[in-house]
Amino acid sequence: MTETATITIDGQTLELPVITGTEGEKAIDIRVLRQKTGYVTYDPGYGNTGSCKSKITFMDGEKGVLRYGGIPIEELAEHSTFVETAYLLLRGRLPTRKELTRTSVMLNDFSLVHEDMQNFYQNFPRASHPMGILSSMVNALRSFYPELVETDEQTEMAFLRLLSKVRTMAAMSYKISRGHKVIYPRPDYTYCANFLHMMFDTPVKPYIIDQDLVHALNVFWILHADHEQNCSTSAVKTVGSARANIYASLSAGIAALWGPLHGGANQAVVEMLSKISAEGLSIETVVARAKDKTDPFRLMGFGHRVYKTYDPRAKIMKTVCDRVLPKLNVNDPLLDIAKRLEEVALSDAYFIDHNLYPNVDFYSGILLRAMGIPTNMFTVMFAIGRLPGWIAQWKENLDDPEQKISRPRQIYLGPNQTHYIPVDKRD
């Protein structure tokens, strides 16, 4: 028997279908609500609104669960690579060895960027933020690679081209911003190793690939590869719902990710630590200010809107930090402040009672800084990792026959009908 929910409005009783997901989560299907009653729902931020049915990612914020295609994030972080995880998100299953090899070869083949694109980079003002540049350049890719989504093979090539070229473009933007020679990818390096090579290799000081850092980058990108219907993914799908091309849709996602409450949070963590260090604040003072509701100070990198317990990604990222940082032997006062903040947050009753555990942004900011990634590139690193999720969600939305152009309703609170007054008769 189909489960229903009953709602009574103005004496009218309406039975609405209940949709049950494979993990038991339930949703009331309200698509006929306005048509039948004239009412709409009011849900700022859409925290209680399901916008789609999806087979890509499952998360349970109360239990601290995150799975891609049914596979726990812990298993993927331990055993998988970013390329394999990207395949899982895009195709809904893990690849065979032959499929994984073919995907890796195609990613290398697509890694070069049209030389004309370098001219674009050179004309951005030097102070431009890398996220603004990346958003613009991804949109510009449409001009260089217009063919898209006519056959399954072309679709796959377009998606892999994006995964490969955005990585190259990110490293290129860093090199150009430093006034350094652009370094091209090597066919004998893996996806993550090539990014580190393109970022840090120079003609006078060859970069030696460290497999521990390659593994750390793999884990970082796996943890960020998808996160259900978050702000940037919703932006990608909203733009895509108008049947905008994948490049324009991803450009919108990058712009959304730029925000300090979303992808910019890991950059905000380091900026907060820098401010604490510059002002000579004690950890006790910082913690007291964080607890004071009248103080506008915010402790960045703690707590999460969805996770009401420890962010499962944070546990994994903490393990990576604990393994990599000692090896790098980085002498950084900001890392010392971060470690002391972490100790307090994991033992202070206020933080525990309010679920203010360190989140993935806290540890990822620390890791990226220790690896030598400049602070203004942190969100770009997030964007590279999130690409597979954005692309998978965009494609799923495009293929879903129930989806329409995104068009939320509103509750109007402005003036009632009034009339135009000529300018010389106004007070």
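Taking T190, is it assigned by TED's automatic domain parsing to the domain that holds T375, crowded, with 16+ Cβ neighbours inside 10 Å and of a type in the set (S, T, N, Q)? Can you show your working first?
Working: assigned by TED's automatic domain parsing to the domain that holds T375: yes; crowded, with 16+ Cβ neighbours inside 10 Å: yes; of a type in the set (S, T, N, Q): yes.
Criteria met by T190.
Take region 216-230 and flag every residue that is polar (S, T, N, Q) and part of a loop (DSSP other than H, G, I, E, B).
Residues of region 216-230 polar (S, T, N, Q): 218, 229-230.
Correct list: Q229, N230.
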Query raised in the report: Taking interchain pairs and intrachain pairs at least six residues apart, which have beta carbon atoms under 9 angstrom, with the first residue in region 286-304 and assigned by TED's automatic domain parsing to the domain that holds H262 and farther than 16 Å from V270 by Cα and the second outside any loop (DSSP other than H, G, I, E, B) and among the β-branched types (V, I, T)?
Result: V287/V344; H304/V360
Report summary line: Within region 1-31, the count of residues that are closer than 26 Å to K395 by Cα and assigned to a loop (DSSP other than H, G, I, E, B) comes to 8
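For region 379-427, which residues satisfy the criterion of being aliphatic (A, V, I, L, M) and surrounded by 10 or more Cβ atoms within 10 Å (Cβ to Cβ)?
Filtering region 379-427 down to residues aliphatic (A, V, I, L, M) leaves 380-381, 383-384, 387, 391-392, 398, 405, 411, 413, 421, 423.
Hits for region 379-427 are V380, M381, A383, I384, L387, I391, A392, L398.
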Requested in this report: Could you look through region 114-159, keep only residues that are over 21 Å from L257 (Cβ atoms) and touching a Ser or Thr at 6+ places or on another chain (Cβ under 8 Å), and pick out the one that is modelled with the highest pLDDT?
Outcome: R126
Report summary line: Screening P358, P333, P374 for residues that are in the same structural domain as M300 (by TED's automatic domain parsing), touching a Ser or Thr at 6+ places or on another chain (Cβ under 6 Å) and in contact (Cβ under 8 Å) with a residue 24 or more places away in the chain leaves only P333
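Can you give me the number of residues within region 32-47 that are part of a loop (DSSP other than H, G, I, E, B) and surrounded by 11 or more Cβ atoms within 10 Å (Cβ to Cβ)? Outline the logic, then answer.
Here is the first cut: in region 32-47, the residues part of a loop (DSSP other than H, G, I, E, B) are 32, 38-43, 47.
Adding the requirement that they be surrounded by 11 or more Cβ atoms within 10 Å (Cβ to Cβ) leaves 32, 39-41.
Qualifying residue count, region 32-47: 4.
Looking at H224, H215, which is the one that is more than 23 Å from A140 (Cα to Cα), surrounded by 21 or more Cβ atoms within 10 Å (Cβ to Cβ) and not small (G, A, S)? Don't jump to the end; show me each part of the working.
Details: H215 fails: surrounded by 21 or more Cβ atoms within 10 Å (Cβ to Cβ).
One residue alone meets the criteria, H224.
Among the listed residues D226, D201, identify the single one that is among the acidic types (D, E), assigned by TED's automatic domain parsing to the domain that holds R102, at pLDDT 95 or above and under 22 Å from G132 (Cα atoms). Reasoning before the result, please.
Numbers: D201 fails: under 22 Å from G132 (Cα atoms).
Every option except D226 fails the conditions.
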Report summary line: Only unsatisfied item for I254, checking (1) aliphatic (A, V, I, L, M); (2) part of a loop (DSSP other than H, G, I, E, B); (3) closer than 18 Å to M377 by Cβ, is (2)
Requested in this report: Working only within region 60-79, note down all residues that are within 14 Å of A225 (Cβ to Cβ) and either of a type in the set (F, W, Y) or at pLDDT below 95 (or both).
Outcome: Y68
Query raised in the report: Here are Q410, Q403: which of them is assigned to a loop (DSSP other than H, G, I, E, B), within 30 Å of S136 (Cβ to Cβ) and not aromatic (F, W, Y)?
Result: Q403
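Scanning region 326-336 for residues that are over 24 Å from the mean Cα position of the chain (by Cα) and assigned to a helix (DSSP H, G or I), which turns out surrounded by the fewest Cβ atoms within 10 Å (Cβ to Cβ)?
Kept after step one, since they are over 24 Å from the mean Cα position of the chain (by Cα), are these residues of region 326-336: 326-334, 336.
When the remaining residues are screened for being assigned to a helix (DSSP H, G or I), the result is 326-328, 333-334, 336.
Working: P326: 9, K327: 12, L328: 17, P333: 11, L334: 20, D336: 12.
Among those residues, the one meeting the criterion is P326.
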Report task. All but one of (1) more than 26 Å from L76 (Cβ to Cβ); (2) polar (S, T, N, Q); (3) touching a His at 6+ places or on another chain (Cβ under 9 Å) hold for T375, so report the exception by its number. Result -> (3)
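The values are calculated or read from the model by the stated rules, or taken from the named source; none is laboratory data. Quick caveat: nothing in here was measured; it's all calculated off a predicted structure. Cβ atoms come from the backbone with ideal geometry, glycine included; neighbour counts cover every protein chain shown.
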